[in-house]
Amino acid sequence: MKTTAKISYTLIALVLIVLLQIETIHAKSKNDLGKFASFENASALTTWQDNSGTLSISPRHFKHGKNSLKWQWSANSILKHSSKDLIAATTLRGGKTERFEQHFIDRQALVGGILSWVYNENPIDDQLTFVFGTSESLAVNNPRYRYTFNLNFKGWRAMWVQLDADAAVENYVGNQLVDSMWVYPPKNNVAGSVFFDMIEFTSHVTSKRNADDQLPFLNKEYEVWGENEISNQWGPPLHWRALQPSRLIADKITDSQIETFDRILQRYDNWILSNQNVDIDNQAYQIRLANLQKAISKAKKSYGKLNIKRLSDGTIVGNAFFSERDKYDPRFGSLLKNGLPLMLAFDYKINGNTESKQKLFDFLDYIHDQGWADGSAIGTINHQTNSVSSYIHAVMVMRKELKETGRLAREIAKIRWYCLFGKIYDPNPRQDVTADTVRTNLLYHLLVILMMDDTPEKVTAIQNYLAWLDYALGVMPGFKDTIKPDYLGYHHRGAYLNAYSSEAYHVASVVAYLLHGTQFSMPENATHNLKQSLLTLRSISQVYDTPQSVAGRFPHNIRPLAKLLPAYGYLSFDQDSESANQYDPQMIAAFKRLWLADPELLQSELFPKAFSRISYYDTLGAIQLMNKLAAVEASAEADPELTTYKPYAALFVHRKGNWLANVHGWSQYIWDFESSASENLYGRYWSYGMLQILATGNPVNTIDSGINVENGWDWNRLPGSTTKHLDLDELIVDRKPSANYKEGRHRNFSDETFVGGVTSQNKAGIFAMKLHDTAYDPTFKARKSYFFFDDRIICLGTGIQNQDSQHNTETTLFQFSLNNLSNPLEMSDSNDLHDSHFTHSITTSPTYGFWLKDPAGHGYIINSESNVQVRIATQISRNHANKKRTEGEYATAWIDHGKAPQNASYNYTVIINANKKRLQDYAKNPLHKVLQQDNQAHIVFDQNSNTYGYVLFEGSTALNQGPVVKTSRPTIVYASEQSSGSMTLSVTDPDMRRPKLNNMSKMPITALIAESQPAQTTVTLRGHWAIPQNNYKAQVTHNANNTTSIELTCVDAQTYELKLEQLTK
């Protein structure tokens, strides 16, 4: 017996090795095609049998190819199938990772199972029963796995079952081998039929699968959550569909409410279709209309490629499609990427084409047959709402026609299902309402309500919706989306300024416009937060361009405010007034500034937009509203002037006149960069202290200011950053999931809590960080600070170290694209103006006073002993997404710290828009003095403003410089003394005191919602001081040694600014 068992196990092991090899071969082919049974010819039936029923290849319905397996059952039927793939599916551990959002899978986990599609022509209240085991165990009714599949539907349905998690028979005893599947027909129906296609036994069934009406038991770990957890943004759909309102329940609907709903509907129609009674001859409107007509023509061609047709019995067929997170193509979103259903609706509504109306009806019937139906998860609804804007708006635009043909109720039910409409009824929101939700469902939920019949249910829905909206647009704690305490936008647990959050603001502003001035207007708190978010975004952006370093995984998307401009317009309408001519003065002033800044750019980037796949807001009516606001007699605001630090992005912004400087870091609470398999592949260093100066162009913009990531950009040399200069193959993101980096080595957190900024009187400040590369080279560390005084930035670095003896460590002064600029580069030790290729190397010293000017005219004075490299050259690089070769002309300068530096440092000053004489004078007689520069502290005195700036990396150390004696914690302090015996003291404790993680992936709920924790910070000053207006309730103690201790409760890495009066001298 032992010998037989040993031989059997050896044989199984050999089989598994072969299967693994087959698995690898298939994985190399696109979409893993070939692994599933597709039933294209009769030979596919050889491993399927039913001694009582009938099996055939049918062309009537199909998901792959042109045929499927038709099973006609009768009394005593059992559909039987044996497959070696079942052995692999139920024994191979770990499986493969996802096609999308790849993540680590425990090597011991059994995640295999079955993927299949089932077509049912005749809905019945009964079910199929699937059992798995050996043929011997199944013959004695002892399956290892069992589940049922409900047949109460017509059309295609996906069947994704992870056998060990979803179908394991409790207390099973028997053979662990699984090589057979038997399917039992419905118990109460002695005859009938179903169709199967794409049956696949796989070692990996996604954790994203959703329970639905056919498989309501699926994925309990994902679909059910406890009292202390937060629901996933993509589900669970069964739970949310079942949720009924328990608050704000209306018992009637009034005539006034009906009139209000009608008014909102009319606004929507005018917004999406335009108001034909308003001037439609202006240039902006005609540009958009022309592009909309092109989109309509393109969509009609796309419709023809779907091969939609009706059979003689009325059944509709067409090309197959799959869910957004299926591993097979085409996905549903690809059908809609050109706005297909909405463009058909527009062709009918705008152009009067009745043929397109019928095509739209056929399209809706076709997707319904393919499985896009209420109660159908099509495998998973994950990310599904990010692709359905044209579908939902088409239903809304055609609501009357759909109702007349009996289709409207069906389509509304689908929208409620896929968009998780029931979330609005959650009385105690524990939802993770992300920017993805806001940029999609925030509007879709409203449209569902507007399409309801005029009943009390409609009033109940709008009242619950407004309460949910108030929550969705609330200021969120911890890492939660979307609006943070500093009014920056979040997604993927980090600041996302050029995508996601900006699109969320846009959609929320559309909702605010539709509801404004009505009894259902957006709640005051939500409106306030939305306005502050938009105003904050425009204040830290240079006209249309957001800071490059917080561009997420889209480094090429640098101009989001050009697209976001209409949002400022929507919120310009007074939210409390029913009048169409009452405006919010601050919002309309911001709108006017952006509208007038660059009309040519708007003509090329905003007006031509006719469709956006994820969030549709580029409408004809939007153009009309902007034209109306442009004609209002209101002044445009001046360019904002401010100095601010945004702790939830580790972003410092300093702007004067028409220029803006910003610097960005990362820490225990702010991740470093985001990537994907085809985006931002070389973006590792975006958060390593990049100092960007936006000061060139008309209007000022990123590319004219020297950063052009599309052409020859050196991804290692980001201005202001301290990095290791790697080959691009070494720099590329490591996307391989592991136990510690579950989605690869991006979105990493450092183990340092010191990154922060302090500001003073909204016009000066300091940014500093402890840099530690915990993800790629844990030996790489540095301490960096930036002191902002008027148009001067003093940049200090200490403790620069790593053990990399193969690559040079560098601090980049500038990397400037010359493609759009011909200004020369100047240096103090040369009389030449360099405007062609050259290389220059120089060793500087603190007394040397070496300076140089970049092509934009910004000056750099090196105040330390440094090896400075300067060059103008053609740079060869790669595209961040497709790795294709790029090249461009660049002027670049950097400080070379050498290989494996130990405690290296730098000290240089940047002067924005400096002329040669000013640089010469400042190099000889600087207006600032570095008083301390080591790993304990960076301290700078600015004589121009009589200010001491302190970056106290360690705290508690006695200081000999300026008014500050010591601080109790690591702190950043800005102390500006006035001759009148007063002082402005600004203090920041940069530690937010939140949970410590190494990476944002699979973040625990406790970390997700954890707020910044307060702590007491004491600053001790020389002399006795008082606080006439103690807004922060600081505790003031006058000590016997002629010092004053000021104790502040610090939280959220905020700046606490105090006005002090000296009592004694």
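FYI, it's all coordinate maths here, none of it is from the lab. Note that the coordinates shown come from a computational prediction; the quantities given were computed from them, not determined experimentally. All Cβ positions, even for glycine, are placed from backbone atoms using ideal geometry, and neighbour counts span all protein chains on display.
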Lys/Arg +1, Asp/Glu -1 at C-beta; the chain dipole; positive extreme among M992, S203, I296 = S203
Values of log10 I(q)/I(0), in the order q = 0.24 Å⁻¹, for the range 839-886 under a Debye, Cα-only, solvent-free model = -0.88
For K187, go through the aspartates and glutamates and keep the ones whose alpha-carbon is under 19 Å away, minus same-chain ones fewer than eight residues off.
-> D50, E121, D125, D126, D213
Additional length obtainable on full extension of the chain from T957 to I876, 0.36 nm per residue less Cα span | 24.4 nm
Per DSSP H run of at least 4 residues, take -39500 (n - 2.57); add these up for the chain, divide by its residues and hand me the 222 nm value, nearest 500 deg cm²/dmol.
-> -7500 deg cm²/dmol
What Kirkwood hydrodynamic radius, in Å, does the range 30-224 give when the mean of 1/r is taken over all pairs of distinct Cα atoms and then inverted?
-> 17.1 Å
In this model, which of K63/K883; K784/K884; K563/K592 are farther than 24 Å apart at the alpha-carbon?
-> K63/K883; K784/K884
Rg in Å to one decimal, and Dmax rounded to a whole Å, for the range 642-1062 via C-alpha atoms = 21.5, 69
Histogram of C-alpha separations across the range 255-630, 20 Å bin width, % = 29, 61, 10, 0
What translational D, rounded to a whole number of µm²/s, comes out for the range 119-181 from Stokes-Einstein when the hydrodynamic radius is the Kirkwood one over Cα pairs, at 25 °C and 0.890 mPa s?
-> 191 µm²/s
Any idea how far the Cα center of the range 456-502 sits from the one of the range 691-718, in Å?
-> 32 Å
Can you tell me which of 641-650, 481-490 comes out highest on packing, and rank the rest after it, using the mean Cβ neighbours within 10 Å?
-> 481-490, 641-650
Going by the alpha-carbon gyration tensor, a ≥ b ≥ c the square roots of its eigenvalues, is the range 908-1009 rounded (a/c under 1.5) or, if a/c is not under 1.5, prolate (a/b greater than b/c) versus oblate?
-> prolate
Relative packing of 516-529, 944-957, which averages over residues the other C-beta atoms within 10 Å, highest first | 944-957, 516-529
Order by protection proxy (mean Cβ within 10 Å, highest first), peptides 890-903, 308-321 = 890-903, 308-321
Proximal lysines relative to K70, as straight alpha-carbon distance under 16 Å, when same-chain residues fewer than 8 apart are discounted | K80, K154
For the range 43-57, what does the Karplus curve 6.51 cos²θ - 1.76 cosθ + 1.60, with θ = phi - 60°, yield as ³J(HN,Hα) per residue in whole Hz, taken in order and with x for Gly and Pro?
-> 4, 5, 8, 5, 9, 10, 8, 8, 6, 10, x, 10, 10, 8, 8
Distant-in-sequence amide H partners of F749 (H built 1.01 Å from N, under 5 Å) = N999, M1000
What is the spread of the Cα atoms of the range 40-110 along each of their three principal axes, largest first, in whole Å?
-> 44, 27, 21
Cβ charges +1 (Lys, Arg) and -1 (Asp, Glu), total dipole of the range 642-1062, debye = 600 debye
Non-local residues with an amide H under 5 Å from the amide H of K35, with H modelled 1.01 Å from N and Pro and chain starts lacking one, are none
The range 392-448 - Rg (one decimal) and Dmax (whole number), Cα, Å | 12.8, 39
Rg(Cα) / (2.2 N^0.38 Å) computed for the range 1008-1048, rounded to two decimals | 1.49
Could you run the Karplus curve 6.51 cos²θ - 1.76 cosθ + 1.60 with θ = phi - 60° over the range 479-492 and give me ³J(HN,Hα) per residue in whole Hz, x for Gly and Pro?
-> 9, 6, 6, 10, 9, 9, x, 8, 6, 8, x, 10, 7, 6
Expressed as a percent, the portion of alpha-carbon pairs in the chain spaced more than 45 Å apart is 41 percent
Can you tell me how much longer the chain between K337 and E259 gets when fully stretched, taken as 0.36 nm per residue apart minus their C-alpha distance, in nm with one decimal?
-> 24.5 nm
Mind grabbing the base-10 log of I(q)/I(0) for the range 681-839 at q = 0.14, 0.19, 0.20 Å⁻¹? Debye formula, identical points on the C-alpha positions, no solvent, two decimal places.
-> -0.88, -1.38, -1.43
Any residue on another chain or 5+ positions along whose placed amide H is under 5 Å from the amide H of S74 is listed here as G53
5 Å binning of all Cα-Cα separations within the range 456-502, expressed as whole percents from 0 upward | 5, 23, 22, 16, 11, 10, 8, 4, 0
What list of ³J(HN,Hα) couplings, whole Hz, do you get for the range 891-898 from phi and the Karplus terms 6.51, -1.76, 1.60, once you set θ to phi - 60° and write x for glycine and proline?
-> 9, 9, 9, 8, 9, 8, 8, x
If you take the Cα atoms of the range 517-658, find Rg, then find the Kirkwood Rh from the mean of 1/r over all pairs, what is Rg/Rh?
-> 0.96
Extension gain, F217 back to E170 (0.36 nm per residue minus Cα-Cα distance, nm) = 15.5 nm
